[in-house]
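Here is the structure we will look at.
Values in this text are rule-based calculations from the coordinates and carry no lab data. Small disclaimer: the values here were computed from a predicted structure and weren't measured. Cβ placement follows ideal geometry from the backbone for every residue including glycine, while neighbour counts extend to all protein chains displayed.
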Amino acid sequence: MFFNFVDELRAAGIKASFKEHLVLLEALDKDVIEQTPEQFYYLSRSVFVKDEGLLDRFDQVFNKVFKGLLTNYGQNPVDIPEDWLKAVAEKFLTPEEMEAIKSLGSWEEIMETLKKRLEEQQKRHEGGNKWVGTGGTSPYGNDGYNPEGVRIGGESKHKRALKVWEKREFQNLDNTRELGTRNIKIALRRLRRFAREGSPDELDLEGTIEGTARQGWLDIRMRPERHNAVKLLLFLDVGGSMDPFIKLVEELFSAATSEFKNLEFFYFHNCLYEGVWKDNRRRWAERTNTWDILHKYGHDYKVVFVGDAAMSPYEITHPGGSVEHFNEEAGTTWLTRVAHVYPATVWINPVPEKQWSYSQSTKMIKELVGGSMFPLTLQGLDDAMRELTRKKH
Amino acid sequence: MRFEGTSNYVATDDLKVAVNAAVLLRRPLLVKGEPGTGKTVLAHEIAKAVGAPLIEWHVKSTTKAQQGLYEYDAVARLRDGQLGDERVHDISNYIKKGKLWEAFTAPQLPVLLIDEIDKADIEFPNDLLQELDRMSFDVYETRERVEAKERPIVVITSNNEKELPDAFLRRCFFHYIKFPDRDTMQAIIDVHFPGIQKTLVSKAMDVFYEVREVPGLKKKPSTSELLDWLKLLLNEDMPLDVLQQKDPTKAIPPLHGALLKNEQDVMLFERLAFMARRQN
């Protein structure tokens, strides 16, 4: 039953499995729903879709698989009352058009044809070239029963002309995102090194038992909580060519801030020079000297640059090459310094890896960070984190 | 035992199907949706509708899965051992039952609400997989097995702060509470404020949906905010024409504190009003 449906769902990228299929069958077996298409739609939706971003895709697949199958299912055959037909005609026809139709034959004849067409339409439930329900030119309403169409007879039996799944109410939520925050976090987890540091605020049970046994009286031992001791410096490129990647970088950033306790982040533009900043609105007023960073944060910090590395080669190689200000020392100098102070340095590039070779500056920067440039994809992040763990300070 | 919504909770058809499926098949129901669309309230209403007691487990960032099963108070036992208390010989005296245990062994079939599961550590849902699937777990200290006589009805809410693992999702029914359209919203308001003036509601809803349409809002106001706001408007006896005025220079709706919960959003509105004034 419905194997076709499961296949189609999987083809559309909804991770439907055998397990869910069994659940659906079990639910049908237990009469969870009344036997109507809508209820079946709701049930299968709640079984197969677990992410609101996929709801719209599900609606489309459902429509494709069950189109025509469910139309008359569990409902009375259509009968169209005479006066209602008239009402429709009057509602949608201008007097001129009425005349034009009348020239085709008697009113009764026309109505008879319309009735037939409507019935036929009901069965086929889609456009075609018949004049009831095709796009625009028909006098009986523009798109017939189709989603965007005029719902002929909204109050009558034809209410079901527009199925719930055809409304596609969840269209806005569909996001074919490549990286969810969860996935990013899982990738970042590679970079964990647990250590107990700081104030003792957790009961050390083993220590306490041992101490108590040794002393003969209750000896409570406390210890600091286990934290991820990895320290991270994050440099983010902002503005200009980075704009298309804002969403992606935001996700990475939010995942990183929740994953690492010792995280410092700074912004730069295009290439690293003598100053960076923490607040983009006050980037000119409140700058941090890059030297200060190199001095303040120890060698055990790991450095991650996030930027597209797309710029004019002069911005890297020449003093004064920066597009925004006059830099006394070239970008190469600064990047070399950072790579020297922090052996664990990687550059994460949101631009797809395939395009890197087209940009001179990308190749140069990749060289400057010792070849450790990774694309901002799950695999890339994973590799970058591995690289960082491998490079012990 | 069918869930049809209650006298003070408006349930849409798709929600009813999802709830009934979860209740009949006894699989967890995962509810997502914008904050304030009635996720937590739903569990209360299901409990009320099926006449079952509600056990609430509010998850925080520090909550561990184990705490839902049981906790072993080793320190108390050590202390009692020192004092020569008789209780010390029975380890089960120091086992504290968690919410899941409570739900599994409740005399009457309960509804278990696991609220805001996404708040906890990223591994939290994975740690509960087996327990929720089999509805049983082992207590290692006393070598006993806690097993649910009847599988409880489990409702899980999530705010989408963290995504949930696939294996966990496979075991749940899922429902996304979509933001109510005007008709549903009208029904919700009728349930909460019977006899409220129709014009006030329709004006307030105009303003409300307009506010939601403003691009760039950090936190869009939701159902619960609209209800609070209406309550305030009623309390203050706000004259109707205040809501009606279409003067863009006063873009901030009256008593906006109930609708806009974020100072950046209030500032956004002030800026819009300022820009409108300058244009005139």
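Rounded to whole Å, give me the distance from the Cα center of region A:280-308 to that of region A:234-267.
13
Please give the net charge around A:Met385, taking every other residue with its beta carbon less than 10 angstrom from that of A:Met385, where Lys and Arg add +1 and Asp and Glu add -1.
Details: positive: A:Arg189, A:Arg190, A:Arg192, A:Lys302, A:Arg386, A:Arg390; negative: A:Asp382, A:Asp383, A:Glu387.
It works out to a net charge of +3.
Test of understanding: what is the full-extension gain from A:Glu367 to A:His318, defined as 0.36 nm times their sequence separation minus their Cα-Cα distance?
16.0 nm
Considering Cα pairs under 8 angstrom that are at least six residues apart, work out the relative contact order of region B:68-135 and quote it in whole percent.
The value is 30 percent.
Report the label-to-label distance for B:Asp85 and B:Glu210 in nanometres (one decimal), using points 7 Å from each Cα along the Cα→Cβ vector.
Taking the simple label geometry, B:Asp85 and B:Glu210 are separated by 6.5 nm.
What are the ³J(HN,Hα) values, in whole Hz, obtained from phi via the Karplus relation 6.51 cos²θ - 1.76 cosθ + 1.60 with θ = phi - 60°, for each residue of region B:6-15 in sequence order, with x given for Gly and Pro?
With the stated coefficients, region B:6-15 comes to 10, 4, 10, 9, 8, 10, 7, 4, 5, 5 Hz.
How big is the convex hull of the Cα atoms of region B:182-279, per residue, in Å³? Walk me through the numbers on the way to the answer.
Numbers: hull volume 9.2 nm³, N = 98.
Enclosed volume per residue, from the Cα hull, is 94 Å³.
Could you tell me what fraction of 2.2 N^0.38 Å the Cα radius of gyration of region A:310-393 comes to, as a two-decimal ratio? List each step's numbers first, then the result.
On the way: Rg = 13.5 Å, N = 84, 2.2 N^0.38 = 11.8 Å.
It is 1.14.
Once phi is turned into ³J(HN,Hα) by the Karplus curve 6.51 cos²θ - 1.76 cosθ + 1.60 with θ = phi - 60°, what whole-Hz value does each residue of region B:171-184 show in order, with x for glycine and proline?
8, 10, 7, 10, 9, 9, 6, 7, 4, x, 6, 4, 5, 4
Obtain the nm distance between the two label points defined at B:Lys64 and B:Ala276 by a simple spin-label model: each point lies 7 Å from its Cα along the Cα-to-C-beta direction.
So the two model labels end up 5.4 nm from each other.
List the extent of the Cα atoms of region A:230-390 along each of their three principal axes, largest first, rounded to whole Å.
Projected onto the principal axes, the Cα atoms of region A:230-390 cover 36, 36, 30 Å.
Based on the inverse mean of 1/r over its pairs of different Cα atoms, what is the Kirkwood hydrodynamic radius of region A:3-74, in Å?
Numbers: mean 1/r = 0.0804 Å⁻¹.
Every distinct Cα pair counted, the radius reaches 12.4 Å.
Can you give the relative contact order of region A:191-289 as a percent, counting alpha carbon pairs under 8 Å and 6+ residues apart?
23
Ranking B:Arg171, A:Arg281 by Cβ neighbours within 10 Å, fewest first, what do you get? List each step's numbers first, then the result.
On the way: B:Arg171 19, A:Arg281 8.
Lowest to highest Cβ neighbour count: A:Arg281, B:Arg171.
Please turn the phi angles of region A:8-18 into ³J(HN,Hα) values with the Karplus equation 6.51 cos²θ - 1.76 cosθ + 1.60 (θ = phi - 60°), one per residue in order, whole Hz, x for glycine and proline.
Rounded to whole hertz, the list is 5, 4, 5, 4, 7, x, 9, 7, 7, 10, 4.
Residue separation times 0.36 nm, minus the C-alpha to C-alpha distance between B:His192 and B:Glu144: what's the value?
Working it through step by step, the gained length comes to 12.5 nm.
Rounded to the nearest 0.05, what FRET efficiency is calculated for A:Arg189 and A:Ala285 with R0 set to 45 Å and r the Cβ-Cβ distance?
It comes out at approximately 0.75.
Once amide H atoms are placed 1.01 Å from N in the peptide plane, what residues at a sequence separation of 5 or more from A:Lys302, or on another chain, have their amide H within under 5 Å of its amide H?
Sorted by chain and number, the residues that satisfy this are A:Lys231, A:Leu232, A:Leu233.
Using a 10 Å cut-off around each Cβ, can you sort B:Phe179, A:Phe326, B:Phe208 from fewest to most neighbouring Cβ atoms?
In order of increasing Cβ crowding within 10 Å: A:Phe326, B:Phe179, B:Phe208.
Enter the Cα centre distance for the pair region B:1-44 and region B:62-110, rounded to the nearest angstrom.
32
Using the count of nearby Cβ atoms within 10 Å as a rough guide to exposure, how do B:His89, B:His256, B:His175 rank from fewest to most?
Working: B:His89 9, B:His256 17, B:His175 28.
By the 10 Å Cβ count, ascending, the order reads B:His89, B:His256, B:His175.
Placing unit charges on C-beta atoms (Lys and Arg positive, Asp and Glu negative, everything else neutral), compute the dipole magnitude of chain B about its Cα centre in debye, rounded to 20.
Magnitude of the dipole: close to 440 debye.
On a 31 Å Cα-Cα criterion, which of the cross-link pairs A:Lys278/B:Lys32; A:Lys278/B:Lys261; B:Lys119/B:Lys198; B:Lys39/B:Lys198; A:Lys261/A:Lys366 come out too long?
Cα-Cα > 31 Å for A:Lys278/B:Lys32; B:Lys119/B:Lys198; rest within.
Choose one of B:Ile95, B:Met135, B:Thr62: the residue whose Cα lies farthest towards the positive end of the charge dipole of region B:13-177 (beta-carbon charges +1 Lys, Arg; -1 Asp, Glu; about the Cα centre).
The listed residue farthest towards the positive side: B:Met135.
B:Ile156's amide H: which non-local residues (gap 5+, or another chain) put their own amide H closer than 5 Å, with H modeled 1.01 Å from N in plane and none for Pro or chain starts?
It is B:Leu29, B:Leu30, B:Val31, B:Ile114, by chain and number.
Expressed as a rounded percentage, what relative contact order does chain B have, with Cα pairs under 8 Å and six or more residues apart?
The value is 22 percent.
Please compute, for peptide B:17-27, the average count of beta-carbon atoms on other protein chains lying within 10 Å of each residue's beta-carbon.
Working: counts 13, 6, 2, 9, 12, 3, 1, 6, 7, 0, 4.
Mean inter-chain Cβ contacts per residue within 10 Å come to 6.
For peptide A:39-51, what's the mean number of Cβ atoms from other chains within 10 Å of each residue's Cβ?
Numbers: counts 5, 1, 3, 10, 6, 1, 7, 15, 8, 1, 4, 13, 8.
Taking all residues of A:39-51 together, the mean is 6.
What does the helix-only formula give at 222 nm for chain B: each DSSP H stretch with n ≥ 4 adding -39500 (n - 2.57), the total divided by the residues, and the result rounded to the nearest 500 deg cm²/dmol?
-13000 deg cm²/dmol
Hey, got the average number of other protein chain Cβ atoms within 10 angstrom for residues in B:167-175?
Mean partner-chain Cβ count within 10 Å for B:167-175: 5.
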